[in-house]
1. Only helical DSSP H runs with n ≥ 4 go in: add -39500 (n - 2.57) per run for the chain, normalise by residue count and round the 222 nm mean residue ellipticity to 500 deg cm²/dmol.
2. With 10 angstrom as the radius, rank 79, 65 by how many other C-beta atoms surround their C-beta, starting from the fewest.
3. Using a 10 Å cut-off on Cβ atoms, rank the peptides 119-130, 67-78 from the highest mean neighbour count down.
4. Evaluate E = 1/(1 + (r/R0)^6) for residue 10 and residue 67, where r is the Cβ-Cβ distance and R0 equals 30 Å; express this FRET efficiency to the nearest 0.05.
5. Based on the mean of other Cβ atoms within 10 Å per residue, sort peptides 98-111, 46-59, 80-93 so the most packed one is first.
6. Considering only DSSP states other than H, G, I, E and B, which chymotrypsin sites (Phe, Trp or Tyr not before Pro) in the range 1-32 qualify as loop sites with at most 16 other Cβ atoms within 10 Å?
7. Please report, to one decimal in angstroms, the Kirkwood hydrodynamic radius of the range 56-99 built from all distinct Cα-Cα pairs.
8. Relative to the longest principal axis of the chain, what angle (0 to 90°, nearest 10) does the C-alpha long axis of helix 46-68 take?
Amino acid sequence: MPTSHASAVWEGKLRDGKGTFQAGSSAFSGAYTFATRFEGKQGTNPEELIAAAYAACLSMALSADLEKAGKPATRIQTDAACTMETVGGASTIATMALKVRGRVSGLDQTGFQKAAEEAKNGCPVSRALRIPQVTLDAKLE
């Protein structure tokens, strides 16, 4: 299996410094600051990248699981909201809220919910992060 790469640079002090990141593939890059990360200012931050990775991974894992079960999806959309809080005096990713919507012929809501839960628990990003609280709202369209 391939190894994925990314890089980041931070210049200056925490509050007035600035950073940039880039995917090893050069497919995406961006700038971030203290304000974009901790004050909700316009721009990206590491948690947004984690949310994107989680959403992409869960969508793929669920699609693969449904296909293996003989119920291939025509569309899976996952929205992820990553929330950071101060826990024990340290900034911590405390929650990840996942909203999954799928189009799957021949599958009922109960089956979709079960498949989404299994994909959430088994996708590589989920296993890597082990965020204390990950919620999932899965619905067929």
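1. Here the helix-only value at 222 nm equals -10500 deg cm²/dmol.
2. On the way: 79 12, 65 18.
Sorted ascending by nearby Cβ count, the order is 79, 65.
3. Numbers: 119-130: 16.3, 67-78: 14.4.
The most tightly packed comes first, giving 119-130, 67-78.
4. Working: r = 41 Å, r/R0 = 1.37.
Efficiency, from the Cβ-Cβ distance: 0.15.
5. Details: 98-111: 15.4, 46-59: 19.4, 80-93: 13.3.
Ranked from most to least packed, the peptides come out as 46-59, 98-111, 80-93.
6. Values: sites: 10, 21, 28, 32; in loops: 28.
Answer by residue number: 28.
7. Numbers: mean 1/r = 0.0811 Å⁻¹.
Computed over Cα pairs of the range 56-99, the Kirkwood hydrodynamic radius comes out at 12.3 Å.
8. Between the helix axis and the principal axis of the chain, the angle is about 20 degrees.
All of the numbers you see were taken from the coordinates with simple rules; none came from a lab. The shown structure was predicted, so the numbers you read here are calculated from the model rather than taken from an experiment. Here Cβ is always computed from backbone atoms with ideal geometry, including for glycine, and neighbour counts include all displayed protein chains.
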